[in-house]
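Working notes, structure below.
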Amino acid sequence: MYSPKWSKAKKKLKSLTCESLAGRVDFQVINYRKAHDGLGRAVITVDGKELLSMCTITAEREEYKKEWTLRHSQEFYEFDDVEENIRIQDIAHQLLKQEGIYGQYDFFDALESYFNAPISESLASENHIIQILSLMDRRVGKRPLVKMEKRIANEPEWVQRIYKLRCEVEGIRLENGDPEYAN
């Protein structure tokens with residue numbers, strides 16, 4: 001998990017956010033003191049509205065439900081089989097990611113990867129959190145944004161919203177699959 005203080009990470013995120021989105025995008029981490037693990041939520045807001053809320057409690061509850069369903073869909077399940085338990089937990093976690101359900105720990109893992117990878121690698125990432133952080137990045141110019149149009153069409157709605165917002169603020173029109181620079 002990402003170890004530096006959140007204030008330092010937030011400052012770095014803000015410095016990497018493109019100028020045109022600087023006042024519109026915000027990142028927040030809310031920790032619940034009385035939670036058993038001290039974790040809470042990570043939130044990405046656009047124009048003051050939550051785009052993505054990554055709540056640890058919600059994610060863990062949904063992961064438990066998925067695990068339960070996976071275990072009981074098998075004809076025989078050995079409770080003490082550690083390898084099988086880990087495999088089922090990994091499958092459940094991947095299913096949650098596909099549904100866009102993330103915990104705060106997913107946000108911190110994505111941050112660590114995003115901060116330590118080249119921007120080209122981050123843009124091509126399968127991790128949707130890394131994708132939206134990359135789409136807001138000042139190091140991404142108009143040409144790479146235009147080239148991404150077809151790929152972004154297959155991503156979740158909230159990733160597409162960030163992409164469209166970034167294109168809008170950069171003056172890029174995306175119409176009928178024929179992107180061009182707006183004057």
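The values are calculated or read from the model by the stated rules, or taken from the named source; none is laboratory data. Since we're looking at a predicted model, the values are computed, not measured. Every residue, glycine among them, receives a Cβ derived from its backbone with ideal geometry; neighbour counts consider all protein chains shown. Side chains are part of the model used for accessible areas, which takes the heavy atoms of the whole protein and leaves out ligands, DNA and RNA. Shrake-Rupley method; radii C 1.70, N 1.55, O 1.52, S 1.80 Å.
Under the combined filter of DSSP loop state and at most 10 neighbouring Cβ atoms within 10 Å, segment 98-155 retains these GluC sites (Glu not before Pro): GLU126.
With all protein chains in place and ligands, DNA and RNA left out, the 1.4 Å accessible area ranks PHE115, PHE107 as PHE115, PHE107, largest first.
For LEU52, nonlocal amide neighbours, meaning residues 5 or more places apart or on other chains whose placed amide H falls under 5 Å from its own, are ILE44. Looking at the chain, I'd like the Rg to Rh ratio, where Rg is from alpha-carbon atoms and Rh is Kirkwood's inverse mean 1/r. Dividing the radius of gyration by the Kirkwood radius yields 1.03. Surface composition of the chain: carbon plus sulfur atoms hold 49% of the accessible area, using a 1.4 angstrom probe and ignoring ligands, DNA and RNA.
Counting 0.36 nm for each residue step from ARG138 to LYS11 and taking away their Cα separation leaves a gain of 44.3 nm. For a straight C-alpha distance cut-off of 29 angstrom, the lysines reachable from LYS5 (same-chain residues fewer than eight places away being disregarded) are LYS14, LYS34, LYS49, LYS97. Looking at the chain, the accessible area is 60 square angstrom per residue; that uses a 1.4 Å probe and ignores ligands, DNA and RNA. Straight-distance candidates among the lysines for linking to LYS150, with alpha-carbon spacing under 21 Å and chain neighbours fewer than 8 residues away dropped: LYS142, LYS164. Computed on the chain, with alpha-carbon pairs under 8 angstrom and 6+ residues apart, the relative contact order is 19 percent. What is the sum of charges, Lys and Arg at +1 and Asp and Glu at -1, for the other residues whose Cβ falls under 12 Å from the Cβ of SER122? Once positives and negatives cancel, what remains is -3.
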